[in-house]
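The block underneath contains the structure these notes are about, expressed in structure tokens.
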Amino acid sequence: MPFLLFKLNKLKVLKLYRPFLFGILIIFSPKLQAQNLNKDVVLGKEYAQRVEQVFGVYHDSEMVAYVENIGNRLVASLEDPLFEYSFKIIPTSTPNAFALPGGYTYVTTGLLPILESEDELACIMAHEIIHANNRHAIKSMKRGIIPAILQLPGNVIGLVSPGAGEMINRPIKGLGDLGMASYSRKNETEADIEGSELASMAGYNPEALQTALERIGKYIELITGQKEEKAYLDDHPMTADRVERLKKAAAKLNYSPGAPISRSFIGEFQGLLFGENPSHGIVIDSVFYNPEHQFKVNIPKGWVGQIHPETFAMMDTTLRASVYVSYSETDSTAREKAAVLRSQLPDAYKQITVLDQEVFINNEKAYMMAFEKRTRENEVFAYMLWFKKGKTLFEFSAMTRPELRPIIQRVPYTLSELNEEDRNQIKVERLELAEAKGNESLKEFNSRINNALSIDITALINNLSENEILKENSPIKVVLEKPYFKK
């Protein structure tokens with residue numbers, strides 16, 4: 001499974017910043033049941049590209065190398081590895097780990113701060129390796145529910161004839177057929193037990209999976225305010241049940257501890273990104289700021305947004321309208337991009353084209369194509385708009401019902417360059433180690449260090465009690481907020 005412990009059925013996915021996506025985004029077809037191992041690799045590669053397009057990958061070479069070394073050590077202990085495994089870190093606050101078909105394995109930046117040891121990380125990775133090596137995803141063929149924020153507006157709104165959403169969907173083509181994989185309780189138990197065995201064969205303490213499971217569960221409860229609830233129709237096993245089974249299984253293993261790859265697990269992740277990656281963009285007070293391309297754009301009041309590496313999506317919560325803005329460095333001009341789209345338009349689109357000409361956005365030359373479709377039941381307005389600032393080409397794609405048309409038309413006019421005040425308010429949070437003073441309470445420590453984490457989260461990820469009196473020079477994991485732009 002994606003390693004998360006339980007589904008947050010009541011958590012609203014539609015929210016500013018990024019949603020909690022508790023599950024890896026993949027989908028399978030019943031036609032795949034008889035596929036061979038080569039097709040596992042082909043399928044896994046395809047979805048790995050999509051995952052990395054949506055979330056990006058973490059580029060700290062030393063941290064990635066450490067995770068790779070743990071993964072390779074586990075694979076070396078695998079009796080019959082079916083694939084050439086790869087291991088990467090994804091920059092997202094969601095605490096998760098998952099493996100795609102073919103051995104494409106990921107851990108998130110949101111998971112690593114919660115863990116206390118190399119043993120815990122190794123056990124989690126071993127769990128995912130077993131899922132891939134036992135081909136659980138291919139065999140289960142279960143289609144999950146697509147989180148609403150990831151559904152493409154052309155598919156969600158459905159206001160035009162079949163296929164009409166393609167134009168609007170184009171900037172994030174591929175997300176629409178992503179789903180959330182779900183494994184059976186049998187597969188989860190198998191991955192737990194065999195993953196623990198694999199970890200122990202590689203010299204890691206199999207009991208570490210139990211402590212990791214319990215701590216992650218408590219962490220999710222704290223940040224969501226939701227307790228794990230038993231759902232009898234849910235395939236996903238309860239954490240307490242998993243831990244109990246793991247205790248019984250671990251007692252039967254002949255575990256010989258091996259030397260850790262690193263003497264300081266936490267030290268390996270000092271400076272790790274905590275929270276979301278501001279280089280992809282950040283939302284503050286209904287404004288989206290992108291420091292990489294140096295621009296900002298307003299989000300209509302009451303709308304929600306989602307950030308991808310080169311696309312920002314904003315959507316009316318009633319799904320009556322959406323605007324996607326994409327941005328990338330290119331030599332192409334706005335007129336050239338419009339010409340490409342025009343050449344691809346089927347006749348049905350040409351018949352509903354109401355605008356195809358050069359326009360101006362805040363005195364900048366731009367190009368716009370607009371479409372209007374009216375039927376007895378529905379009316380829809382959509383546009384594509386391109387304009388260039390420096391080397392960056394911006395592409396707006398929007399669709400709406402008539403009542404929200406003025407709102408989507410105003411959005412491109414709110415785009416502007418970042419000023420010094422904007423740059424100063426963009427921060428990044430990173431995991432650090434700080435030393436405590438003798439007889440200092442956790443509350444006093446948090447205040448002195450200016451820790452961005454609450455006392456309960458700080459206590460949890462450091463295996464402390466909230467009322468604990470700290471020892472002199474004891475290292476404590478904290479999160480410190482720093483300016484994104486270095487002066």
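Can you confirm whether the range 317-339 contains a residue that is touching a His at 6+ places or on another chain (Cβ under 7 Å), surrounded by 13 or more Cβ atoms within 10 Å (Cβ to Cβ) and not in a strand (DSSP E or B)?
No, that holds for no residue.
When the range 303-316 is filtered for residues that are assigned to a strand (DSSP E or B) and under 18 Å from residue 413 (Cβ atoms), the ones remaining, listed by number, are 305, 312, 314. In the range 365-376, is there at least one residue being closer than 24 Å to residue 295 by Cα, out of contact with any helix residue (DSSP H, G or I) (no Cβ under 8 Å at 6 or more places or on another chain), at pLDDT 95 or above and aromatic (Phe, Trp, Tyr)? No: the range 365-376 contains no residue that is closer than 24 Å to residue 295 by Cα, out of contact with any helix residue (DSSP H, G or I) (no Cβ under 8 Å at 6 or more places or on another chain), at pLDDT 95 or above and aromatic (Phe, Trp, Tyr). The residue of the range 302-331 that is nearest to the chain's Cα centre (by Cα), among those that are closer than 17 Å to residue 392 by Cβ and β-branched (Val, Ile, Thr), is 307. Looking at the range 434-461, which of its residues are touching a residue at least 60 places away in the same chain (Cβ under 8 Å) and either in contact with a Gly (Cβ under 9 Å, 6 or more places away or on another chain) or crowded, with 16+ Cβ neighbours inside 10 Å (or both)? Result: 452, 457, 460, 461. One residue stands out among those in the range 248-302 that are assigned to a loop (DSSP other than H, G, I, E, B) and among the charged types (D, E, K, R): the one that is farthest from residue 323 (Cα to Cα), which is 252.
Kindly indicate whether residue 64 is outside any strand (DSSP E or B) and within 21 Å of the chain's Cα centre (by Cα). In short, yes. Checked against the criterion of being under 18 Å from residue 208 (Cβ atoms), assigned to a loop (DSSP other than H, G, I, E, B) and either outside the structural domain of residue 432 (by TED's automatic domain parsing) or in contact (Cβ under 8 Å) with a residue 24 or more places away in the chain (or both), the candidates 116, 120, 79 yield just one match: 116.
The values are calculated or read from the model by the stated rules, or taken from the named source; none is laboratory data. This one's a predicted model, so the numbers in the text were calculated from it and none came from an experiment. Glycine also receives a Cβ, built like all others from the backbone with ideal geometry; neighbour counts cover every protein chain displayed.
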